[in-house]
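Report on the structure given below.
The values are calculated or read from the model by the stated rules, or taken from the named source; none is laboratory data. Computed from a predicted structure; not experimentally measured. Don't worry about glycine lacking a Cβ; one is built from the backbone with ideal geometry, like all the others, and counts go over all protein chains shown. For accessibility, only protein heavy atoms count, side chains too; no ligands or nucleic acids. Shrake-Rupley method; radii C 1.70, N 1.55, O 1.52, S 1.80 Å.
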Amino acid sequence: MGEARSTLRIDAAPQRDVPILVMDGVLDGSTYRTVRDTVIKAALDEPRAVVVDVNGLSMPSASAWTVFTSARWHVSVWPDVPILLVCGEPAVRRAIASGGMTRYVPVYPTRLLALDAVDGRPLPLRRRARTELPAAAVSIGVARALVTNWLTQWRKHELVPVAATVATALVENVLDHTQSAPVLIVERYRESITIAVEDCSGRLPGRHEDADRGPEVVSGLAMVSALCRAWGAIPTSSGKTVWALVGHENLL
């Protein structure tokens, strides 16, 4: 028989346009991924911040708190949304701080103080476009055309060649390795462009060469790595999002 799953409830209580995730139950090995992926999913909507109220959480091991640093790590480069905790118990806050976690995920005694900290953070000015593509080869050409159109509208036409190439590789990767309809996301923030593709497969990607055709055949993600400033994969409750960040140093 499989290990029994602990009880966990997560409710959303947004305030001041900031999502507040109220968690109640047990945080352990059976609920770790649910907590992590729920926090990540909230961050991918690109709010000013994500606030997590952990007053109702209990855990058999203090190491379970690392779930929040894991979530923050996954979104630290893109979309770079801060994660804040709310905990009313001084002893628990000290325990969280003693593990060094507050360097990445600050903890506040009340929701009001957490929201006040969020209000002091300027809201990034982003331009974003998102569309679902069909699970078919035609999506490769459609993705290139959409990237070209969006970046031209945003007056970043000089980044079209590299961004369109990266989008092609990410969409091809979804079509080749999953049964998903890819979701294309393109975002401008300051002078950089992020290209992201969502799919419904929980298997995280990795770079590799073709074992049958030799080392000269390089995977799409190896090409993405060579073309962009940074790339990564974010697990979500429905699958994953693979993203790549390009800037002027990546011009083709």
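The largest accessible area among L175, L112 belongs to the first residue in L112, L175, and the rest follow in falling order (1.4 Å probe, all chains). Given the options S63, S237, S201, state which has the largest fluctuation in a GNM of the chain using a 10 Å cut-off (strictly under) for Cα springs. Of S63, S237, S201, the Gaussian network model singles out S63 as fluctuating most. Per-residue SASA remark: D176, around 120 Å² accessible (1.4 Å probe; ligands, DNA and RNA not included).
The apolar share of the surface of the stretch 67-175, taken as the fraction of accessible area on carbon and sulfur atoms (1.4 Å probe, ligands and nucleic acids excluded), comes to 57 percent. Solvent-accessible area per residue in the stretch 11-75 equals 41 Å², computed with a 1.4 angstrom probe and all protein chains kept.
What does the extension gain come out to for C200 and S63, with contour length at 0.36 nm per residue minus their alpha carbon separation?
That works out to 46.4 nm of additional length.
Whole-Hz Karplus values for the stretch 242-252 come out as 9, 10, 9, 10, 10, x, 5, 6, 9, 4, 9 Hz, taken residue by residue from phi with 6.51 cos²θ - 1.76 cosθ + 1.60 and θ = phi - 60°; glycine and proline positions read x. Sorting T236, T66 on solvent-accessible area from highest to lowest, probe radius 1.4 Å, gives T66, T236.
Pairwise Cα separations in the chain fall into 5 Å bins from 0 onward with the following percentages, short to long: 1, 6, 13, 16, 16, 14, 12, 10, 7, 4, 1, 0. A crude spin-label estimate for the pair D11 and A230, with each label 7 Å from Cα along the Cβ direction, gives 3.6 nm.
For a quick check, take a GNM of the chain with Cα springs below 10 Å and name the residue from G25, G120, G88 with the largest mean-square fluctuation. Fluctuation is largest for G120.
Label zone (T110, point 7 Å along Cα-to-C-beta; backbone nitrogen cut-off 20 Å) within the stretch 79-98: 84-94. Relative to the Cα centre, the charge distribution of the chain, modelled as +1 at Lys and Arg Cβ and -1 at Asp and Glu Cβ, gives a dipole magnitude of about 600 debye.
For the modelled label position 7 Å from the Cα of L251 along Cα-to-Cβ, which residues of the stretch 147-161 have backbone nitrogen atoms closer than 12 Å? Taking a point 7 Å out along Cα→Cβ of L251, the residues of the stretch 147-161 whose backbone N falls under 12 Å are 157-161. Dividing the mean sequence gap of close Cα pairs (under 8 Å, 6+ apart) by how many residues the chain holds gives a relative contact order of 14 percent.
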